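Participant: Handing you a structure now.
The values are calculated or read from the model by the stated rules, or taken from the named source; none is laboratory data. Being a predicted model, the structure only gives us computed values, none of them experimental. Because the Cβ atoms are built from the backbone with ideal geometry, glycine has one as well, and the counts that use them run over all protein chains shown.
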Amino acid sequence: MADQVASCFEVLDPRFERLFVGTARLDLLHAGCRWAEGPAYFPAGRYLVWSDIPNNRMLRFDECSNAVSVFRQPSGNSNGNTVDQQGRLVTCEHGNRRVSRTEIDGSVTTLADSYDGKRLNSPNDVVVKFDGSLWFTDPTYGIDSDYEGCKGESEQKANRVYRIDPQSGALSVVADDFVQPNGIAFSPDESLLYIVDTGRSHRKDGPQHIRRFNVGNGGKISGGEVFAKSSAGFFDGLRLDDEGRIWTSAGDGVHCYDPDGTLIGKILVPEVVANVCFGGPKRNYLYICGTTALYGVRLPVTGARTF
Ligand code: MG
């Protein structure tokens, strides 16, 4: 049994009242990270892999035993992770400035490390679409210093969002009008794409918001209006539930938005939260990467299928 933190739900709109159970508690699953990020759940094995970026390692939480072990070290200062339709781990690596895939035999393949003949910045977060394409963000956090990657120069003209074609493996630009693109997630039917911009980390009046795009064919998106502005620190990573609500990390925990853009409630966490991921056999357990710890909470809500 995991340690439990006191009840943690804050209702800001009546619609949030049915999205939690009053007796549920926040489980403290593991402590001792420096900057926990990138949770990815493997349903076949019932375990979670996540990144501890500055410590250059990935950790593994076994849902059946509560055991935590080192999954990979060094990890290339991995950040965001996801699981593709074949059950393979896809990883954004700050240190190696690439997106990689861990194959079924355990070998690691580079999927993308350059665009237009120049190195990527430091891929941050990645999501898989039903057609097998991979979409990822490429801000500069992993090359700004040696803290969470390798200090280096940006070779790109913009901090973009990219798509990896599932057939050819070719990289194409999805969006190039972000300051620091960060978390990324599709709506359950993939008609909408949500992308976080954490540009305020680098510009005094820069964005700390989520934008929403309409998804067209062949990797095209349109729209891109501001969906939500953070009221508490930065949004970073985000996931959707199967009714299209957005569960996003924030400075005081996890914020839940209705698809109409209303902040309807929060899960308060004792630390800054960087990312979240639905897991468990029924996808109703929300894993939460706080700064130094992995938390989780059981919800009466089901996460959207991500593959
Ligand atoms: Mg991120």
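Participant: Can you tell me which condition Gly206 does not meet? The list is (1) closer than 21 Å to Phe16 by Cα; (2) part of a loop (DSSP other than H, G, I, E, B), and all the others hold.
Facilitator: Condition not satisfied by Gly206: (1).
Participant: Within the stretch 58-87, which residues are touching a Ser or Thr at 6+ places or on another chain (Cβ under 6 Å) and within 22 Å of Asp105 (Cβ to Cβ)?
Facilitator: Hits for the stretch 58-87 are Met58, Arg60, Ser78, Asn81.
Participant: If Ile221 passes every condition in (1) modelled with pLDDT of 95 or more; (2) surrounded by fewer than 24 Cβ atoms within 10 Å (Cβ to Cβ); (3) closer than 22 Å to Glu148 by Cα but one, which one does it miss?
Facilitator: Every listed condition holds for Ile221 apart from (3).
Participant: What residue, among those in the stretch 250-273 that are touching a Phe, Trp or Tyr at 6+ places or on another chain (Cβ under 7 Å) and hydrophobic (A, V, I, L, M, F, W, C), is nearest to the ligand (Cβ to nearest atom)?
Facilitator: We begin by selecting, within the stretch 250-273, every residue touching a Phe, Trp or Tyr at 6+ places or on another chain (Cβ under 7 Å); these are 250-251, 254, 256, 261, 263-265, 267, 269.
Among the residues that remain, those that are also hydrophobic (A, V, I, L, M, F, W, C) are: 250, 254, 256, 263-264, 267, 269.
Working: Ala250: 12, Val254: 14, Cys256: 18, Leu263: 20, Ile264: 23, Ile267: 18, Val269: 16 Å.
This residue is Ala250.
Participant: Turning to a different aspect of this structure: Name the single residue, out of those in the stretch 231-241 being within 16 Å of the ligand (Cβ to nearest atom), on the phi < 0 side of the Ramachandran plot and outside any strand (DSSP E or B), that is nearest to the chain's Cα centre (by Cα).
Facilitator: Gly237
Participant: What residue, among those in the stretch 123-141 that are under 18 Å from Leu240 (Cα atoms) and of a type in the set (D, E, K, R), is nearest to the ligand (Cβ to nearest atom)?
Facilitator: Only one residue fits best here, namely Asp125.
Participant: Here is a further query. Taking the conditions exactly as written (away from the ligand (no atom under 16 Å from the Cβ) and of a type in the set (Lys, Arg)), does Arg34 satisfy them or not?
Facilitator: Details: away from the ligand (no atom under 16 Å from the Cβ): no; of a type in the set (Lys, Arg): yes.
For Arg34, the condition - away from the ligand (no atom under 16 Å from the Cβ) and of a type in the set (Lys, Arg) - is not met.
Participant: Here's a follow-up. Exactly one condition in (1) modelled with pLDDT of 95 or more; (2) part of a loop (DSSP other than H, G, I, E, B); (3) in contact with a strand residue (DSSP E or B) (Cβ under 9 Å, 6 or more places away or on another chain) is not met by Glu148; state its number.
Facilitator: The one condition Glu148 does not meet is (1).
This table checks each residue for (1) aromatic (Phe, Trp, Tyr); (2) touching a strand residue (DSSP E or B) at 6+ places or on another chain (Cβ under 6 Å); (3) in a strand (DSSP E or B).
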| residue | (1), (2), (3) |
| --- | --- |
| Glu243 | no, no, no |
| Thr248 | no, yes, yes |
| His255 | no, yes, yes |
| Asp260 | no, no, no |
| Ile267 | no, yes, yes |
| Glu271 | no, yes, no |
| Val276 | no, yes, yes |
| Arg283 | no, yes, no |
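So that you can scan it fast, the table gives a plain yes or no per residue for (1) within 16 Å of the ligand (Cβ to nearest atom); (2) touching a residue at least 40 places away in the same chain (Cβ under 8 Å); (3) surrounded by fewer than 24 Cβ atoms within 10 Å (Cβ to Cβ):
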{"position": "Leu29", "(1), (2), (3)": "no, yes, yes"}
{"position": "Gly38", "(1), (2), (3)": "yes, yes, no"}
{"position": "Pro43", "(1), (2), (3)": "no, yes, yes"}
{"position": "Asp62", "(1), (2), (3)": "no, no, yes"}
{"position": "Ser65", "(1), (2), (3)": "no, no, yes"}
{"position": "Val83", "(1), (2), (3)": "no, yes, yes"}
{"position": "Val90", "(1), (2), (3)": "yes, yes, yes"}
{"position": "Arg97", "(1), (2), (3)": "yes, yes, no"}
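Participant: Can you find a residue in the stretch 183-196 that is within 16 Å of the ligand (Cβ to nearest atom), part of a loop (DSSP other than H, G, I, E, B) and touching a residue at least 40 places away in the same chain (Cβ under 8 Å)?
Facilitator: no
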